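Every number in this text was worked out from the coordinates using simple rules, so none of it is lab data. Treat the numbers as computed from the prediction; the structure is a model and nothing was measured. Cβ sites come from the backbone with ideal geometry, for glycine too, and all protein chains shown count toward neighbours.
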Amino acid sequence: MNMAVTQGLALMPPPFSAGLANWSQTTGRPGTPTYADAAFAAFVPSDPDFDGCLEVQKISATTRLRWMTEVPIIPGCYLRVRARVKGIAGVLPNLRIGAWVGNQAGAELTALPNFGPSTALTSYGESVEISAIIGTGARAGVNMVWSIDAKHAHFGLDLTGPTGGVIRIDDIIIEDVTSAYSADLLGVVDVVDFGAKGDGTTDDHAAFLAAIDTAGKRRLLVPEGVFHIGSDLTIPGPVTFRGTLDMAEQTLLILHDDFSFPTYEAALGNDEAGFRKGLQALFHTNEHISFDMKGGRVNLTAPVDMRALVGFDNAQAHLVLQNGQLRAADIGAWDTVTETRTATYSPTSPLLLTGISNVAGIAVGSRVSGVGVGREVYVRARNTAAGTLTLSQALHGGAGTQSFTFERYQYLLDFSGFSNLGNFECSHIEFLCRGRASAVMLPEEGRIMRFSDCDFDRPRDRGITSIGTGCQGLTVDRCQFSSSQMTLNAQDRTVIGFNTNNNDVKIRDNRAVLWAHFGVMGGTGHIITGNHFFGGDDAPLGIRQAGLVLADVNLKTTITGNYIDNSFIELSNEYAPDPNFSGGFSFGGLTITGNIFTANSIAPWFSWIVLRPLGSGQFLQGLHVSGNVFRTIGTRIDKVESVDTTFGALDYTRFRNVIFDNNAYNGVDYPTESPCVVLHDQNTDATTWVVDTGDKLPFGGWARTVSSVIMEGRAQDASNATRYEMPYAEIQQGPNSDRINLRWPAATRGRAVVTVRVDRPL
């Protein structure tokens, strides 16, 4: 700024011809003696060089001349004080610009420099200019650097050195020379002008606050240097960083005007530090709901522990991280930490492991493996004093004491320290894991976490991990999941796209490439639609893994409009503490409609829908598979659905509301139907017609209901007479209970259209 122009301030002292009473012999403060009464000085009206001037004889060790008027000192303004002098007689003195400087209360700031460089007069009659520049910034050429406590000053000259000499002083000039420092930065407020040192050690926090207070809507400039900031700092207006800030991890930096990654990267001088500081600020400002990376890339050398970064563990405001790439750096803390402990499990406390030594060594978020542990079971919490661990899911077996393994994967974004987090969203973020890190770990509790248009690229172990109920209402839309194990055969893959433990998850319009499982889903009330997930390989008669594992029983879930390629849907009850059915609901509550199922290079026993009961007594209640297309390429399979009886079997007597209808089958030897329509031709006269459903009933189920028998054409007896009686049906016939008998009162032949169901009405 230029004070004389922008502030309307009068800087120029009056000429000496206006009277010597304007000039003090000491400090310039009111009441001090003036030059009007000085016997050693006089006004000379007609000097040939200076016109009017002041002639002074030096009679004391330091003879002072100060203007009686206060000159305001404003941070960011630079003043030059100058005067021409010449020696007249006697031993010539030294001269320098001098000042008295005071604070707002009018007290002298004795710690601040009060004089400029000294000039010695060496000849008589020669005009010499004495000058000094004064300001609040330590800039090149500034002779007197003052702190922002300086509010006003009295300027003039000091005569030092030998006494007795006589000099003449031309009128003193005070001028604003700020433009010499900031002519190219019109409208910019420089923090150096307010006392910031930028030496990496001095705490420049106060100087920044003073500059911010003065700047208003003008742009703040942080010039070259390293500026240590010792406490939280908010910059509300525009700011340009040419230098960098040195801040502790827990010290907040909130940049309201340009709340984006490039600005934070410039502020911290490092992409990783800038990202962490900006993401931290997102949780502490109510001015913004999103942190925009503006297409920037961050090389992370360690997981971002969001709880430690943010400083609290509960947040519910809608916050968004968007438009950038998080990249696992070549070096960093990405190694899996594996621990083994002996622990005791009891189904009466289905989420608790007890009796664990050194439980503090088991990290929250560790994946648990051992006898009776289902897929994707994690340590949700720990009690160090009690020696216990709380799990995300119950075990389906393993009661008693055994050895468990705990693997703690490392995630680019780790929210596991949050006790409750809701409404956090990642949009257009590429998690470039590079086979080194996993992508995101969700909080222990929370709701409505969202991932939209994101790319989960080659996670080492997991894409999105839920360790508790923080996946409630999880939404994953239009994301790309690319495995780090694409070159392996399907059965050798271990990486998993995502898992859930809670309800109401939406998985929509995603693409997942060659994972062990796209998703392992606990909870119910899910909507899974529009996804393409595939898991094949080039091996002949290859083994396939489940694309989706649904690990609870009565699901109230829909799987609609997906492209399910070389993988299958698995229904399991592995999260039940007692897998034996003892009441309530069993498998079902599931609608599978309008999907495309395809596979190639597979064995004939491959199936796209696999029921895997653990324990006894489980059954199907409410399964609707309709309007799907099942197609094999270059091979054939037996059936589209099957039961894995490795750990349990189904109770076929309890099937209810199981529908397979209006599906298209290509390359499938036994198309599944229920209701199953059988066209039975009885070419010999018989009182018992054995009607075989031909392995068409779902899951090897029983012929439980005959819903209709229609004669196509006339029924005839041995004499070719038409028989008008109707037969009665006997269900659950044959060695596999998948046939029915039609019983006639007399030997009869003909064609019957029989509708058989695998279930039975209540």
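Of all chymotrypsin sites (Phe, Trp or Tyr not before Pro) in region 599-636, which ones are in loop regions per DSSP and have a Cβ with at most 12 other Cβ atoms within 10 Å?
Trp605
Below 21 Å Cα-Cα, how many Lys pairs turn up in the chain? Only count pairs eight or more apart in sequence, or on different chains, if you could.
The number of close lysine pairs in the chain is 5.
Quote the convex hull volume per residue of region 3-181, based on C-alpha atoms, as a whole number of Å³.
Enclosed volume per residue, from the Cα hull, is 117 Å³.
Give, in whole angstrom and from largest to smallest, the semi-axes √(5λ) of the equivalent ellipsoid of region 517-666, with λ running over the eigenvalues of the Cα gyration tensor.
Semi-axes, largest first: 24, 16, 15 Å.
With θ set to phi - 60°, apply the Karplus curve 6.51 cos²θ - 1.76 cosθ + 1.60 along region 686-698 and write out the HN-Hα couplings as whole Hz, x wherever there is a Gly or Pro.
So the J values, rounded to whole Hz, are 7, 7, 10, 9, 8, 9, 9, 6, x, 6, 8, 6, x.
Throw me the Rg/Rh for region 244-338, computed over C-alpha atoms with Kirkwood Rh, two decimals.
Ratio of gyration radius to Kirkwood radius: 0.96.
Write down the percent of antiparallel bridges among all DSSP beta bridges whose residues are both part of the chain, to the nearest 5.
40 percent
Between Ile596 and Tyr670, how many nm apart are label points set 7 Å from Cα along the C-beta direction?
Between Ile596 and Tyr670, the simple spin-label model gives 2.8 nm.
Suppose every K and R has +1 on its Cβ and every D and E has -1 on its Cβ; what is the size of the dipole of region 517-666 about the Cα centre, in Debye to the nearest 20?
Roughly 280 debye for region 517-666.
Using only Cα atoms, what is the ratio of the radius of gyration of region 185-288 to 2.2 N^0.38 Å?
Rg over 2.2 N^0.38 Å, computed on Cα atoms: 0.95.
Projecting each Cα onto the charge dipole of the chain (Lys/Arg +1, Asp/Glu -1 at the beta carbon, about the Cα centre), which of Phe451, Phe424, Val520 comes out farthest on the positive side?
Value: Val520.
Give me the one-decimal nm value for the distance between modelled label points at Arg29 and Thr340, 7 Å along each residue's Cα-to-Cβ direction.
With each label point 7 Å from Cα toward Cβ, the separation is 8.2 nm.
Can you find, among Val128, Gly165, Ile73, the residue sitting farthest towards the positive end of the charge dipole of region 3-181, where Lys and Arg contribute +1 and Asp and Glu -1 at Cβ?
Projecting each Cα onto the dipole axis, the largest value belongs to Ile73.
Please list the non-local residues whose amide H lies under 5 Å from the amide H of Val320, H modeled 1.01 Å from N, same-chain partners needing a gap of 5 or more.
Sorted by chain and number, the residues that satisfy this are Ser290, Phe291, Glu425.
Would you work out the charge dipole size for region 149-287 about its Cα centre, treating the Cβ of every Lys and Arg as +1 and the Cβ of every Asp and Glu as -1, and quote it to the nearest 20 debye?
Here the size comes out at about 140 debye.
Using amide H atoms built in the peptide plane, which far-off residues or other-chain residues are under 5 Å from Phe451 H to H?
Correct list: Cys426, Thr475, Val476, Asp477.
Show me the ranking of peptides 18-29, 498-509, 706-717 by mean Cβ neighbours inside 10 Å, starting with the highest.
Going from most to least packed, we get 498-509, 18-29, 706-717.
With θ set to phi - 60° and the Karplus curve 6.51 cos²θ - 1.76 cosθ + 1.60, what are the ³J(HN,Hα) couplings of region 558-566 in order, to the nearest whole Hz, using x for Gly and Pro?
So the Karplus estimates, Gly and Pro as x, are 10, 10, 9, x, 9, 10, 10, 10, 6 Hz.
FRET efficiency for Thr202 and Trp605, Cβ-Cβ distance as r, R0 = 56 Å, nearest 0.05?
0.15
About the Cα centre of region 3-181, how large is the charge dipole given +1 on each Lys and Arg Cβ and -1 on each Asp and Glu Cβ? Please answer in debye to the nearest 20.
Value, rounded to 20: 360 debye.
May I ask you to compute the full-extension gain from Asp453 to His532, defined as 0.36 nm times their residue separation minus their alpha-carbon distance, rounded to one decimal in nm?
27.0 nm
Ignoring everything except DSSP H segments at least 4 long, calculate the 222 nm mean residue ellipticity for the chain; use -39,500 (n - 2.57) per segment, divide by total residues, nearest 500.
-1500 deg cm²/dmol
Show the residues, 5+ positions off or on another chain, whose built amide H is closer than 5 Å to the amide H of Val189.
Here the answer is Arg219, Leu220, Leu221, since their amide H atoms fall under 5 Å of that of Val189.
Among Thr202, Ala36, Gly622, pick out the residue whose Cα is farthest towards the positive end of the charge dipole of the chain, where Lys and Arg carry +1 and Asp and Glu carry -1 on C-beta, about the Cα centre.
Value: Gly622.
When only alpha-carbon atoms are used, what values of Rg and Dmax, in angstrom, describe region 337-408?
Just the Cα atoms of region 337-408 yield Rg and Dmax of 10.4, 30 Å.
How many nm separate the modelled label positions at Ala248 and Phe40, each set 7 Å beyond the Cα in the direction of the Cβ?
Taking the two extended label points, one gets 5.5 nm.
Of all DSSP beta bridges located in region 574-720, what percent are antiparallel, nearest 5?
5 percent
What is the order of Arg242, Arg139, fewest Cβ neighbours within 10 Å to most?
Fewest-to-most Cβ neighbours within 10 Å comes out as Arg242, Arg139.
Please sort 541-550, 396-405 by packing, taking for each peptide the average over its residues of neighbouring beta carbons within 10 angstrom, highest first.
For the peptides 541-550, 396-405, the packing ranking is 541-550, 396-405.
Among 116-127, 168-179, 469-480, what's the highest-first ranking by average C-beta atoms within 10 angstrom per residue?
Result, highest mean first: 469-480, 168-179, 116-127.
Please turn the phi angles of region 600-612 into ³J(HN,Hα) values with the Karplus equation 6.51 cos²θ - 1.76 cosθ + 1.60 (θ = phi - 60°), one per residue in order, whole Hz, x for glycine and proline.
My calculation for region 600-612 gives 8, 6, 10, 7, x, 7, 4, 9, 8, 10, 10, 9, 10 Hz in order.
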